[in-house]
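A.B. asks: Before anything else, here's the structure in question.
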Amino acid sequence: MKNGPEEPWIGRTLALLDRSADDLDAATLSRLRRARHAALEQPRVAWRPGWLLGGGFAGAALALALAFGSAGRQALQAPPRLAPAPAAEAFVDDGPEFYEDLDFYAWLDAAQPSPHD
Amino acid sequence: MLADRCLMTGPERLSAATAVDDEQAIERFLRDVERRALRMAEFATRQREEALDLVQDAMFAFVRRYGARTPQEWPPLFWRVLDSRIHDWHRRRRVRGRWLAWLERDEDAPADDPILALADPAEPGPLARLADGEAAAALDAALADLPLRQRQAFLLRLWEGLDVTATARAMRCSEGSVKTHLSRALVNLRSRLGAHR
C-alpha cells in the first residue's frame with residue numbers, strides 16, 4: 001500500500017491486499033523467483049530515445065533519397081548509346097553476293113585510274 | 001573473475017560496475033512488484049496457475065523490451081505489460097467460452113438470478129468482521145467480480161500507488177478514463193463490502 005486513502009474502509013481493504021501478497025506460500029514464491037531469474041537471464045533490446053530513432057529513420061530516408069537521386073542523375077547524364085559507324089552500317093544490309101564480288105571491286109578499283117591522277 | 005576485473009581499464013570497470021548495478025536494480029524492482037502482480041493476475045483469472053504464467057510472461061516481455069530503460073520508467077511499463085497479458089488472456093478465454101457454450105448448450109440450466117447477487121442490506125458487511133477472516137475472501141470475490149478496467153484502476157492507482165498519469169499509461173487510456181473507472185470501482189466495492197456502515 002503506497003497511498004494514504006481518504007476513507008477508512010479503503011485503508012482496511014489495502015491492508016488486506018498487502019497481507020494477501022505477503023502471505024503467499026513457499027511454492028508460489030519459489031516459482032516467482034525462478035520466473036524472475038529466467039527473465040533476467042535473457043538478452044534485452046537496446047533502447048534508444050524516440051528522437052534518436054526518428055533521427056535514424058530520417059537519416060536513412062535521406063541517404064536513400066540521395067542514393068536514388070544520384071542514380072537518377074547519372075542515368076539522365078549517361079552518354080547516348082553509340083550509333084553504329086556508317087561504314088559498318090553500310091555492310092549491314094549487303095547480302096552475301098556483295099562479299100562474293102569483293103575481289104571484282106578490288107580489281108576494278110585498281111584498273112580504273114582515279115580522276116585526280 | 002577478480003583477475004578479469006583487474007585487467008579492465010578504468011572505463012571498462014565503470015561500465016561493468018554500471019551493468020551490475022542495473023542488473024541488481026531491475027532484480028530489486030521485479031522482486032518488489034512480483035507478489036502484487038501475481039495477486040492482480042489472480043483477481044483477473046481466479047486461478048493461481050494461470051496467474052503465475054501471466055506474471056512470468058509479463059516479466060520476460062518487460063525485461064526484454066524495457067529492461068534497458070531508466071528505473072523511473074519501469075513501474076508504468078511493467079504494469080502495462082501485465083495489463084496487456086491479462087487482456088489477451090480474457091480475449092482468448094472469451095473465444096474459448098463461446099465455443100464451449102455452443103458445444104455444451106443446455107437450455108434447462110437455471111439462469112443467474114440478479115436478485116441473489118445483490119448484497120443483503122441487513123448483512124453487516126465483511127469488513128465489519130475483519131477478525132474472522134471472511135473479509136479477505138469477500139474482498140477477493142468483490143475484486144474478482146469488478147469489471148477488468150475498474151479493478152485495474154483501483155489496484156494500480158490505490159494499491160500500487162501509481163499517479164493518475166502513470167496509471168493511464170499502464171492502462172493505455174486517458175487520465176479521465178482512469179478517474180471514471182476508479183470512481184465506479186470505489187462505488188462497487190463500497191457497496192459489495194458494506195463499508196458504508
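A.B. asks: If you take each beta carbon of peptide B:27-40 and count the beta carbons of other chains within 10 angstrom, what is the mean?
C.D. replies: Rounded to a whole number, the mean comes out at 4.
A.B. asks: Under the rule a/c < 1.5 gives rounded, and otherwise a/b versus b/c splits prolate from oblate, where does region B:56-102 land using the Cα gyration tensor?
C.D. replies: Judged from the Cα gyration tensor, region B:56-102 comes out prolate (a/c at least 1.5, a/b above b/c).
A.B. asks: Further, regarding this structure: Give the A-B buried accessible area in Å², both sides summed, 1.4 Å probe, nearest 100.
C.D. replies: That pair of chains buries around 3700 Å² in total.
A.B. asks: Check which residues have an amide H placed less than 5 Å from B:GLY161's amide H, if you skip close sequence neighbours.
C.D. replies: Answer set, sorted by chain and number: A:LYS2.
A.B. asks: Let me ask another. Amide H neighbours of B:LEU146 under 5 Å, counting only residues 5+ apart in sequence or on other chains, H built in-plane at 1.01 Å?
C.D. replies: Here nothing satisfies the definition.
The values are calculated or read from the model by the stated rules, or taken from the named source; none is laboratory data. On a predicted model such as this, the values are computed, not experimentally measured, just so you know. In this analysis, Cβ positions are derived from the backbone assuming ideal geometry, glycine residues included, and neighbour counts consider all displayed protein chains. Calculation scope for accessible area: heavy atoms of the full protein, side chains included, ligands and nucleic acids excluded. Shrake-Rupley method; radii C 1.70, N 1.55, O 1.52, S 1.80 Å.
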